[in-house]
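Enquirer: The structure's right below; bear with me while I get my questions together.
The values are calculated or read from the model by the stated rules, or taken from the named source; none is laboratory data. In this text the structure is predicted, and so the values were computed from the model without any measurement. Backbone-built Cβ (ideal geometry, glycine too); neighbour counts: all protein chains shown. Side chains are part of the model used for accessible areas, which takes the heavy atoms of the whole protein and leaves out ligands, DNA and RNA. Shrake-Rupley method; radii C 1.70, N 1.55, O 1.52, S 1.80 Å.
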Amino acid sequence: MNLHEYQAKELFARFGLPVLPGQVAASPEEARDIAASIGGTVVVKAQVLVGGRGKAGGIQLARTPDEAFHKARQVLALTIKGLPVRRVLVTQAADIARELYLAIVLDRGRKLPLVMLSAEGGMDIEEVARTRPERIVRRPVPLDGIRPFQARSLLKPLLGDGRLVAQAAEVLLKLWRLYHDSDCTLAEINPLAVTADGRVLALDAKVILDDNAEFRHREWTTWRDPEEETPGARMARERGLSYVKLDGDIGCVVNGAGLAMATMDLIKHYGGEPANFLDVGGSSSPEKVTTAIQIITGDAAQGQGIRALLFNIFGGITRCDDVANGIVQALERAPLQVPLVIRLTGTNEEAARKILAAHGLTATTRMDEGVRTAIAKAQEVTA
Ligand code: GDP
Ligand code: MN
């Protein structure tokens, strides 16, 4: 789950990280009141779950409450990378001398958290990462965490000045505490600003929480923004199905996470692109299958669309006839707009074939054949 900046900053404040006072507003009037209560220059910031808000005009300085009103009206009318701005954060402005980048991110390759640090923070960090990757320092975090002396020695070359190093080291140690205790996969500060009067401040905050840890963080349910989730992702979460949307065009309904991954690998192997990971689970029911089809086609309708739908079912505890009934029911409710390819084998396979045949459908027993057929059909649709 991604947190909005205003939520991430509330979390930051709880861990003692240096953030400036601010509040979220849904209307220009509210923004004006908040600006008045803060006093002085404020920044009006679009609250959408994408980066690059600054470049899209979503970050505006306002010197007076009236200006905050107008800037908020302007920003609330924006759509940034497809996401309408529904709220703005109105926060005290800072007099920035330097912008650094500081993040702790889960490095899945190394199976360790990684501190990432750069003297060239701010809005062009992606550009730095692409063209001058050596300008970003990367340090794996040992399992027992970061020690104060490690934080200082990491920051010393970037900041020099002892007081700044001490403040920034404090920030890094607190960011580590937050990352660890809040079960994050990312805790990022960009920019980590050095102000003209020598303070180190977190002016932006980005936090991604590991959904697998939701069971031990009750409050997370109240943080989730339902409008930012795809309809498919929401449905999958509510029904307890593991689902990850991807960029390809072959929808996959598979039972078991291992088989689902093998299916995606095989699709890639034969030159196709999976549209999703979806594990309908070990046991089966027709309802699960109809839900799975709704999830995939629902998300496809929002995105670029899928060009084929592949079922890959290995019947163990899962009964193939349950799956076949689910497919038939789903098609009766809403006919598919794309070719359907079914591979199934195992428990009650014969019964499944009869159910499918009665509705003019066939299924292969071979995964290899199923995958290749799905890719071929997807290409026909494109052609
Ligand atoms: P992002 O573009 O979505 O990452 O949004 P940020 O919150 O990082 O803001 C983008 C840029 O706006 C920053 O890199 C700063 O240059 C500028 N900015 C943000 N907050 C302030 C502030 O309080 N004062 C000033 N002067 N600039 C700010
Ligand atoms: Mn930023």
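Enquirer: Return the total of residues in the range 187-199 being surrounded by fewer than 19 Cβ atoms within 10 Å (Cβ to Cβ) and either polar (S, T, N, Q) or within 15 Å of ligand 2 (Cβ to nearest atom) (or both).
Expert: Adding up the residues that qualify gives 1.
Enquirer: Now for a different question. Is it fair to say Ile34 is on the phi < 0 side of the Ramachandran plot, at pLDDT below 95 and open to solvent by less than 40 Å² (accessible area, probe 1.4 Å)?
Expert: Against the criterion (on the phi < 0 side of the Ramachandran plot, at pLDDT below 95 and open to solvent by less than 40 Å² (accessible area, probe 1.4 Å)), Ile34 does not qualify.
Enquirer: Could you name every one of the strands (runs of 3 or more DSSP E) located completely within the range 68-169 that has at least 1 residues being free of Cβ contacts under 8 Å to residues at least 40 places away in the same chain?
Expert: The qualifying strands (runs of 3 or more DSSP E) are 96-107, 112-118, 136-140.
Enquirer: Just one of (1) within 15 Å of Asp204 (Cβ to Cβ); (2) at pLDDT below 95; (3) crowded, with 16+ Cβ neighbours inside 10 Å trips up Met1, so point out which.
Expert: Of the numbered conditions (1) within 15 Å of Asp204 (Cβ to Cβ); (2) at pLDDT below 95; (3) crowded, with 16+ Cβ neighbours inside 10 Å, the odd one out for Met1 is (1).
Enquirer: Condition test on Cys252, is it in contact with a Gly (Cβ under 7 Å, 6 or more places away or on another chain) and open to solvent by less than 60 Å² (accessible area, probe 1.4 Å)?
Expert: no
Enquirer: Condition first: under 27 Å from the mean Cα position of the chain (by Cα) and in a helix (DSSP H, G or I). Now tell me which residues in the range 1-42 satisfy that.
Expert: Glu5, Tyr6, Gln7, Ala8, Lys9, Glu10, Leu11, Phe12, Ala13, Arg14
Enquirer: Another one. Criterion first (away from ligand 2 (no atom under 14 Å from the Cβ) and touching a His at 6+ places or on another chain (Cβ under 9 Å)) does Ala62 satisfy it?
Expert: For Ala62, the condition - away from ligand 2 (no atom under 14 Å from the Cβ) and touching a His at 6+ places or on another chain (Cβ under 9 Å) - is met.
Enquirer: Return the residues of the range 333-383 that are surrounded by fewer than 17 Cβ atoms within 10 Å (Cβ to Cβ), in contact with an Asp or Glu (Cβ under 9 Å, 6 or more places away or on another chain) and basic (Lys, Arg); say none if nothing qualifies.
Expert: Hit for the range 333-383 is Lys354, nothing else.
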